[in-house]
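**Student:** Structure in structure tokens, see below.
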Amino acid sequence: MLLGVNIDHVATLRNARGGVEPDPVMAADICEQNGATSITTHLREDRRHIKDEDVYTLIKTIKTKLNLEMAMAEDIQQIALDIKPYSICLVPEKRQEITTEGGLDVAGQLDKVTEFIKPLLDAGIIVSLFIDPDSEQVEASAKTGAQFIEMHTGAYSEAFGKENEEKEFLKLKNAAALAQKLGLKVNAGHGLNYENVNRMHEIPGLYELNIGHSIISRAVFTGLPEAVRKMSDLIK
Ligand code: PXP
């Protein structure tokens, strides 16, 4: 499995003081030097962490792959078409949420999603859809033309170590198997940490994990190189 590191939390810290440090671009470089195989960043509609200048700089400096998370917003689609990241991951977005709370409802807006991603696919950008591990959502995703899904691991992460862990884990395992049967590649992320990440090895064929909060949190105590190396070792 590969490790994509989400650097949004570095930008959140920077923005707390409105200055320039810590620099998310420098963080991306350190992540890459210590085992990250891609860098994920979410350009939110309210620009609460990553800003336009960040993505325009990142696209020039990143040596691995830039995975741009985005909502179905036309201005952000335009930025994606302008910078042409390696991949985009389509996520739902609510202004008041602390972080992305649930998966994208692809089944409920199949035509809208298909139309929205078409220009991105035509531009050669790989498209991933961030969905809950649910068969209806997986089947709908397979009809859109997207090459990847990213399974939302939030419910599993919350259930980890509790009585419903197995139930939530099986949802991921079954959704991944169905997606692969339908020709989709499968990533996963949200809420994964140094303990619950190990069970991801039990899901055959998982391609990449996108992890942010736990790595940046650990980095406060150990430094970013050590925090990324440790996670990279766990998922290799
Ligand atoms: N994948 C997606 C689509 C996300 O929205 C997020 C959170 O920004 C992550 C992965 C990473 O989640 P976490 O920060 O909990 O590791």
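**Student:** What's the carbon and sulfur percent of the chain's accessible surface, probe 1.4 angstrom, rounded to a whole number?
**Tutor:** On the way: 5630 of 10890 Å².
The computed percentage sits at 52.
**Student:** If you don't mind, another one. Which order do you get for D52, D105 if you rank them by accessible area with a 1.4 Å probe, largest at the top?
**Tutor:** Putting D52, D105 in descending order of accessible area: D105, D52.
**Student:** Sticking with this structure for a sec: With labels modelled as points extended 7 Å from the Cα through the Cβ direction, what inter-label distance (nm, one decimal) is found for Y194 paired with I98?
**Tutor:** Using points 7 Å along Cα→Cβ, the separation is 2.1 nm.
**Student:** How large is the accessible surface per residue of segment 77-236, computed with a 1.4 Å probe and reported in Å² as a whole number?
**Tutor:** Values: 7580 Å² over 160 residues.
In whole numbers, segment 77-236 has 47 Å² accessible per residue.
**Student:** Solvent-accessible area per residue for segment 25-64 at a 1.4 Å probe radius, Å²?
**Tutor:** On the way: 1710 Å² over 40 residues.
With all protein chains present, segment 25-64 gives 43 Å² per residue.
**Student:** Which links in K63/K84; K173/K230; K112/K143; K60/K84; K118/K143; K94/K167 stretch past 18 Å when you go from one Cα to the other? Before the final figure, lay out the partial values.
**Tutor:** On the way: K63/K84 14 Å; K173/K230 24 Å; K112/K143 12 Å; K60/K84 11 Å; K118/K143 12 Å; K94/K167 27 Å.
Among K63/K84; K173/K230; K112/K143; K60/K84; K118/K143; K94/K167, the Cα-Cα distance tops 18 Å for K173/K230; K94/K167.
**Student:** Would you mind classifying segment 144-206 by shape? Square roots of the alpha carbon gyration tensor eigenvalues, ordered a ≥ b ≥ c; an a/c under 1.5 is rounded, otherwise it is prolate if a/b is larger than b/c and oblate if not. Intermediate values should be presented prior to the final figure.
**Tutor:** Values: a/c = 2.16, a/b = 1.90, b/c = 1.13.
Prolate, since a/c reaches 1.5 and a/b exceeds b/c.
**Student:** Suppose each label sits 7 Å from its Cα in the direction of the beta carbon; what would the V220-K118 distance come out to in nanometres?
**Tutor:** Label at V220, label at K118, 4.6 nm between them.
**Student:** Between the alpha-carbon centers of segment 1-79 and segment 158-201, tell me the distance in whole angstrom.
**Tutor:** Between the Cα centres of segment 1-79 and segment 158-201 lies a distance of 25 Å.
The values are calculated or read from the model by the stated rules, or taken from the named source; none is laboratory data. It should be emphasised that the depicted structure is a prediction, and the values quoted were computed from it without experimental measurement. Positions of Cβ are generated from backbone atoms using ideal geometry, with glycine treated the same way; all protein chains shown enter the neighbour counts. Note: accessible area is taken over every heavy atom of the protein model, side chains too, but ligands, DNA and RNA are not part of it. Shrake-Rupley method; radii C 1.70, N 1.55, O 1.52, S 1.80 Å.
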